[in-house]
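Let me begin by presenting the structure, written as structure tokens, before commenting on it.
The values are calculated or read from the model by the stated rules, or taken from the named source; none is laboratory data. Quantities reported herein were computed from a predicted structural model and do not represent experimental measurements. When we count neighbours, we look across all protein chains shown, and the Cβ atoms used for this are built from the backbone with ideal geometry, even at glycine. Ligands, DNA and RNA are excluded from the accessible area calculation, which covers all protein heavy atoms including side chains. Shrake-Rupley method; radii C 1.70, N 1.55, O 1.52, S 1.80 Å.
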Amino acid sequence: MAAPRSPFLMSFAEKYTVLLLGVTGSIVLSRLLSPAEVGLYALGAVLVSLAQVLRDFGVGQYLIQEKVLERQKLRAALAASMLVAWSLALLVWLLGFPLAVWYREARLQQVLQLLSINFVLLPLGSLTLAVLRRQLRFRAIFAINVSNAVVNLLVAAGLALLGYGALSLVWAALAGNLASLLTGLLLRPRGLPWLPSLKGLRTVLGFGALATGGGLFDEAGVAAPELIIGKLLDLQSLALYGKAQSVLNLFNQAITSAVSPVIFPLFAACEREGGQGNSKALYLRTISYMTALAWPFFLFLGCLALPLVKLLYGAQWTPCAPLIRIMCLPCAVYSMFSMGRYLLVAGGQLRLQVRIDGWSALVKVALVLAAAPFGLMALAGAAGLALLWRSWLSYRCLRQVHGIDASATLASVRKSLGVCLLASPAPLAMLWLPADLPALWCLLALAAAGLASLLCWLGAIVCLQHELKGELLLLQQRLFGRIAPASKGESCV
């Protein structure tokens, strides 16, 4: 199936802009707030994130995958969004006090009750984002999400300077969501209803219950380490683990989260129009792209974790560098299967994906609980093993349903492995850097290694004739269109 590249380019532009603003905010706030203050907000955010999985209740997926989107279905979707989100707002508000007692942190109650307001705002813009994604209108989504990130950064930095501590992050989250809501109202697609309806609500809730079940399992697995650390260890350990995860998630924020909003409807269209053959080919090409980006990224990150953390966040955060190194390899392996969930759901295998999420979360919680008494290093290793287990489950299901076996997978990533090897000398050489390197030398070392790795990576893409070569040439044409007019051709991904 052919698809224009412009949605992907706008999706990447949005994610990179939000990522840049997020990294800037993290650098600034790491110097304005203590690890304990960041840890307090992180604990509240993790607790709320469990409810965040329920807040959409699969309404967005329902609207995107529905073949014929009638006004009545939109009104039913709005009713489902209001029912679930506002119920969650009340629940989070009421749980503020008992959770503060459980974690023996009185300030947690105010953090949770303020964050519950986000659930009140959610239904007011939920249909807008879902329909914009269905229509692949990523310019509008760019404006909505960037407005959120800009306001979030400005409010957080301003309130932190005024001494609000952890609450500066809470108020910033609320201000950012309000900004995205107002921007969404300006860009709202025509014909969207303002009033909900109970007619058709059962259909939406039925789909949402299944989709949300898998999301709950998945989010429980993500949140489990931080919840366990917050209870069995301390807030400083929680902040260190959270910071390590935020660095590792840079790839997801920059690449995966930009590809997934577009690749899901493309997989669904392939299933409708050409059957499993087309969707399988698209999937294999997608993981070829993903691994060519992910493997060099995690190699670079693992080798230069210490100077990178010291430069970005300061010496007080260097204990999280070993945690990053431990988890880089499992993250690189999982990059081969991260798009598998969208292929399974697009092919009507939502129940199978829910089982993957459930077993993955169960094993992760068990491993993390067993490792927690032995400290953060053991806990990071347990989280890495759980990610490898999830990769294996995804592979088995993709092989059974779509016939994507080991030979097909390895054939699609063999050039990516060559690209990674050719880009590896510079980051591997940086392993010899002393741990007490001054900040200026850290900056110079990172710049030199980054430039050398980038040049080697580009050379490898060209020399090995990797599939990404065509995409890079198209991007060059788009950026310098007046000099070298872009081709009118289109292709998948």
Completion exercise
Listed by first then second residue, the pairs whose first member lies in region 100-117 and is closer than 17 Å to residue 173 by Cα, whose partner is open to solvent by 90 Å² or more (accessible area, probe 1.4 Å) and in a helix (DSSP H, G or I), with beta carbons under 7 Å and at least 6 positions apart or on separate chains, are 109/97; 113/93; 116/93
Exercise for the section: Return the residue satisfying two criteria in turn: it lies in region 339-378 and is closer than 30 Å to residue 285 by Cα and of a type in the set (Gly, Ala, Ser), and of such residues it is most open to solvent (accessible area, probe 1.4 Å). Expected result: 348
Handout entry: Failed item, numbered, when residue 152 is tested on (1) more than 25 Å from the chain's Cα centre (by Cα); (2) surrounded by 18 or more Cβ atoms within 10 Å (Cβ to Cβ); (3) not hydrophobic (A, V, I, L, M, F, W, C)
Key = (1)
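For (1) out of contact with any His (no Cβ under 7 Å at 6 or more places or on another chain); (2) aliphatic (A, V, I, L, M); (3) over 30 Å from residue 236 (Cβ atoms), each residue gets a yes or a no:
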site: 39; (1), (2), (3): yes, no, no
site: 51; (1), (2), (3): yes, yes, no
site: 74; (1), (2), (3): yes, yes, yes
site: 107; (1), (2), (3): yes, no, no
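I'd like to verify a number: residues in region 404-448 that are in a loop (DSSP other than H, G, I, E, B) and either modelled with pLDDT of 90 or more or among the β-branched types (Val, Ile, Thr) (or both), how many?
Narrowing region 404-448 to residues in a loop (DSSP other than H, G, I, E, B): 404-405, 423-424, 433-438.
So of that shortlist, the ones also either modelled with pLDDT of 90 or more or among the β-branched types (Val, Ile, Thr) (or both) come out as 404-405, 423-424.
Looking only at that region, the number is 4.
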Exercise for the section: Return the residue satisfying two criteria in turn: it lies in region 109-118 and is more than 22 Å from residue 187 (Cβ to Cβ) and part of a helix (DSSP H, G or I), and of such residues it is most open to solvent (accessible area, probe 1.4 Å). Expected result: 110
Problem - Residue within region 177-191 that is at pLDDT below 85, crowded, with 16+ Cβ neighbours inside 10 Å and not in a helix (DSSP H, G or I) present - result: no
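Which of the residues belonging to region 149-166 are in contact (Cβ under 8 Å) with a residue 60 or more places away in the chain and on the phi < 0 side of the Ramachandran plot?
If we filter region 149-166 for residues that are in contact (Cβ under 8 Å) with a residue 60 or more places away in the chain, which is where we start, we get 149-150, 152-153, 156-157, 160-161, 165-166.
Passing the criteria: 149, 150, 152, 153, 156, 157, 160, 161, 166.
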Practice task
Could you tell me which residue of region 321-338 is least open to solvent (accessible area, probe 1.4 Å), considering only residues that are more than 19 Å from the chain's Cα centre (by Cα) and more than 18 Å from residue 224 (Cβ to Cβ)?
Solution key: 321
Exercise for the section: Just name the residue that is farthest from residue 382 (Cα to Cα) out of those in region 310-349 that are hydrophobic (A, V, I, L, M, F, W, C) and modelled with pLDDT under 85. Expected result: 346
Practice task
Examine region 57-75 for a residue that is within 22 Å of residue 350 (Cβ to Cβ), part of a helix (DSSP H, G or I) and either more than 26 Å from the chain's Cα centre (by Cα) or without any contact (Cβ under 8 Å) to a residue 40 or more places away in the chain (or both), and state whether such a residue exists.
Solution key: yes
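Out of region 81-108, which residues are aliphatic (A, V, I, L, M), open to solvent by 70 Å² or more (accessible area, probe 1.4 Å) and either under 27 Å from the mean Cα position of the chain (by Cα) or within 16 Å of residue 164 (Cβ to Cβ) (or both)?
Here is the first cut: in region 81-108, the residues aliphatic (A, V, I, L, M) are 82-85, 88-92, 94-95, 99-101, 106, 108.
Among the residues that remain, those that are also open to solvent by 70 Å² or more (accessible area, probe 1.4 Å) are: 83, 90-91, 94-95, 101, 106.
Within region 81-108, 83, 90, 91, 95 qualify.
Taking region 455-472 on its own, how many of its residues are assigned to a helix (DSSP H, G or I), of a type outside the set (D, E, K, R) and touching a residue at least 24 places away in the same chain (Cβ under 8 Å)?
Going residue by residue through region 455-472, those that are assigned to a helix (DSSP H, G or I) are 455-463, 468-472.
Imposing the further condition that a residue be of a type outside the set (D, E, K, R) reduces the set to 455-463, 468, 470, 472.
Retained after the next criterion (residues that are touching a residue at least 24 places away in the same chain (Cβ under 8 Å)): 456-457, 459-461, 463, 468.
The total comes to 7.
Before we move on, is residue 412 of a type in the set (S, T, N, Q) and under 13 Å from residue 333 (Cα atoms)? Quick ask: steps written out before the conclusion?
Details: of a type in the set (S, T, N, Q): yes; under 13 Å from residue 333 (Cα atoms): no.
Against the criterion (of a type in the set (S, T, N, Q) and under 13 Å from residue 333 (Cα atoms)), residue 412 does not qualify.
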Handout entry: Cβ pairs under 8 Å, 6+ apart, first in region 201-217 and among the aromatic types (Phe, Trp, Tyr), second buried (at least 20 other Cβ atoms within 10 Å of the Cβ) and not in a helix (DSSP H, G or I)
Key = 207/58
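Filtering region 20-58 down to residues that are under 28 Å from residue 265 (Cα atoms), among the hydrophobic types (A, V, I, L, M, F, W, C) and at pLDDT below 80, which residue is least open to solvent (accessible area, probe 1.4 Å)?
Initially, region 20-58 is screened for residues under 28 Å from residue 265 (Cα atoms), giving 20-22, 49-58.
Imposing the further condition that a residue be among the hydrophobic types (A, V, I, L, M, F, W, C) reduces the set to 20-21, 50-51, 53-54, 57.
With the extra rule that they be at pLDDT below 80, the set shrinks to 50-51, 53-54, 57.
Details: 50: 55, 51: 14, 53: 32, 54: 47, 57: 37 Å².
By that ranking, first place goes to 51.
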Practice task
Identify all residues within region 216-254 that are under 19 Å from the mean Cα position of the chain (by Cα), open to solvent by less than 20 Å² (accessible area, probe 1.4 Å) and modelled with pLDDT under 80; write none if there are none.
Solution key: 221, 223, 224, 254
